[in-house]
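The values are calculated or read from the model by the stated rules, or taken from the named source; none is laboratory data. Keep in mind that what you see is a predicted model, and the values were worked out from it rather than measured. FYI the Cβ positions are ideal-geometry reconstructions off the backbone, even for glycines, and counts take in every protein chain you see. Heads up: the accessible areas ignore ligands, DNA and RNA and are worked out on the full protein's heavy atoms, side chains in. Shrake-Rupley method; radii C 1.70, N 1.55, O 1.52, S 1.80 Å.
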Amino acid sequence: MKMLRDTWLMFQRYLMVFLRNPAWVVIGVLQPVLYLVLFAPLLKSLTETPGFPSGGAYNVFVPGLLIQLGLFGASGVGFGLIAELRAGVIERFRVTPVSRFALLLGRALRDILTLVVQSLILLLLAIPFGLHPTVSGVFVMLGLVALIGLGMSSLAYAAALALKSEDSYAPLIFTLSLPLLLLSGVLLPLQLAPEWLQHIAQANPLSYAVTAARDVFNGHGADPDVFKGLAIMAALAVVGVLVGARRFSRAIA
Amino acid sequence: MIETHNLRKTFKSRKGAVEAVAGVDLDVKKGEIFGFLGPNGAGKTTTLRMLSTLLPPTSGEATVAGYDLLHNAAKVRYEIGYVSQEGSSAPEVPGRSELIMQGRLYGMNKARAQQRAIELITALELADCADRATKTYSGGQKRRLDIGIGLMHLPQLLFLDEPTTGLDPQSRARMWEEVRKLRDIGTTVFLTTHYLEEADALCDRIAIIDHGKIVALGTPDELKREVAGDVVVVGTDDASDRVLHLLRGQPFVREATVGDGLVRLYVDRGETAMPQILRVLDAEGIPLASLSLNRPSLDDVFLRQTGRSLRDAA
Ligand SMILES: Nc1ncnc2c1ncn2[C@@H]1O[C@H](COP(=O)(O)OP(=O)(O)O)[C@@H](O)[C@H]1O
Ligand SMILES: [Mg+2]
């Protein structure tokens, strides 16, 4: 009970902090829109390529874009935490009886909410371009984004607490997120990739999320790959939360 | 209120181990202002962080606010407030929100937290800035907010880590006033400082800490009395070495040091020593620039215990 109450308090706090800085809100929405407008049109001509999934360029591209949004959005959250560490806010919270899980979950829920809202905006904006969403597709999609948000932001917080400085956090994030992105089939479907690349991609949990997301947007909503993707993302979230909460409860020396 | 026994903290790093706190025994009484005086790096912050549940001790035992620190940290947290050296508020959040948030984390409902925040905003004179983001605060306002955050839940024990470092003299005087008010309402205050005047003027009892060890403990008066009766400070234009040489051998001088062109003579009774000093210097024909009679300061205590001046060490 106390944990839920504390989580809610933390969630409110971090939502307020986020909303007080409108720049983040604008950037958060603008980024996916730029992909939509400046990158997606390139795909139009590729849809004829052998191996490109059927369903139209936007139904193939937008699901991947949303997964990317989740990955990038979540991996940057550690910067705010490092600033708070420096300001002494985290130490102040750790002296109070607040639940250590809440210190993590309150923030992560804020991150999930912002990701889900950004995803909805992106989905809506993609419709005039030629996206044909289904209701179940949207729900599965948002579920995937939320799970990625929870898992990846928890891991990002754990890394931020361990590294304590932007100077080491930023390189880590960039080094890890780029291969994760490239090996997930976000930009172009992995069906187009040579076999060796496909094998490496199988080790990347995000590739399953991308596959699941494309399936539900292209009429394969009942495919086992969809459940597989959701299950793997749920496992990622559980691992992330456990690692993150452990970090929050340990002394930050 | 606080009892520690052989409290230790060793930090291990690639370069080796640092023994930041090397066996501290303390007994802080309810309702007193207890000061931890020592130079930078002495182990003050590390001790405070252990006592406030932030850092697990390497060894030793402690009871804080009636609970065992090692086995009942959760209980300790409800009873204490902690104001860190670095500050505690987020730059983009208004002070009032920070206060309310803090109260809520200790289980207050919204109305109670708002009420308590208003009390503290009034008491700490933060009304002008309470609804602005804390990044716009002056140093004094920020520090007062930190104290307010630490006091939100009416703790019976408040830890203040260097509460006045970096403040201008006026804000410092203001802060002293707040700390004394806390004692008046029965709150125990454990503060650290590297300012001699602060420890002297504000604290009921002091522990002097150096290299992780307590080197002296008592009321400011007791500590100073241990050093010697009085200190006579003799100033000459440029003959301080000669003066030192002449006076060191006098039977009424217990110890003598020289620094900044001034000779400090530790004597039993200043009133009788002064005329004798004058006579000696007169006989040698050394002109006197200044002569003053002082009670020993806490720096004299530190000097005697460690062989260094706290003013240089800090
Ligand atoms: N997290 C840490 N890791 C390694 N050494 C530390 C750490 N924190 C403090 N120290 C060292 O412990 C000693 C005492 O530090 P501290 O307690 O901060 O002193 P003070 O507060 O009296 O200035 C210093 O030598 C400091 O460098
Ligand atoms: Mg310190």
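Entry comment: accessible area of segment B:2-220 is 40 Å² per residue, from protein heavy atoms only and a probe of 1.4 Å. For chain A, the longest principal axis of the Cα atoms and the long axis of helix A:57-75 meet at an angle of about 20 degrees. Helix A:224-249 and the long axis of chain A differ in direction by around 20°, with both axes built from C-alpha atoms. For the interface of A with B, what's the total buried accessible surface in square angstrom, probe 1.4 angstrom, rounded to the nearest hundred? Interface between A and B: roughly 2300 Å².
Shape analysis of chain B based on the Cα gyration tensor places the equivalent ellipsoid semi-axes at 43, 23, 17 Å, largest first. Placing unit charges on the Cβ atoms only, positive for Lys and Arg and negative for Asp and Glu, gives segment B:229-295 a dipole magnitude near 220 debye about its Cα centre. Each Lys or Arg adds one and each Asp or Glu subtracts one; over the other residues with Cβ under 10 Å from the Cβ of residue B:205, this totals -3.
Computed over neighbours whose Cβ is under 9 Å from that of residue B:141, the net charge equals +1, Lys and Arg +1, Asp and Glu -1.
Charge dipole of chain B (Cα centre as origin; +1 on each Lys and Arg Cβ, -1 on each Asp and Glu Cβ, all else neutral): 1200 debye, rounded to the nearest 20. Tell me which of B:220, A:18, B:281 sits at the most positive position along the dipole axis of the protein assembly as shown, charges placed on C-beta atoms (Lys, Arg +1; Asp, Glu -1). Towards the positive end, the residue furthest out is A:18. Spin-label model, residue B:222/residue A:199: points 7 Å from Cα along the beta carbon direction are separated by 7.7 nm. Taking every protein chain into account, the 1.4 Å probe leaves residue B:241 with about 110 Å² of accessible area, to the nearest ten. Between 0 and 90 degrees, the angle of helix A:2-19 with respect to the longest Cα principal axis of chain A falls at about 70 degrees. Kirkwood analysis of the Cα pair distances in chain A returns a hydrodynamic radius of 18.8 Å. The distance from the alpha carbon centre of segment B:201-268 to that of segment A:120-192 is 67 Å, rounded to a whole number.
When all protein chains stay in place and ligands, DNA and RNA are ignored, the 1.4 Å accessible-area order of B:98, A:84, largest first, is A:84, B:98. Using a probe of 1.4 Å, the accessible surface attributed to residue B:282 totals some 120 Å² when neighbouring protein chains are kept in position.
Other residues lying with their Cβ under 14 Å from the Cβ of residue A:202 contribute a combined charge of -1, Lys and Arg counting +1, Asp and Glu -1.
For the protein assembly as shown, the Kirkwood hydrodynamic radius comes to 27.7 Å, computed from all pairs of different C-alpha atoms. Which residue fluctuates the most in chain A, going by a Gaussian network model with Cα springs under 10 Å, if the choices are A:203, A:156, A:87? In the Gaussian network model the winner is A:87.
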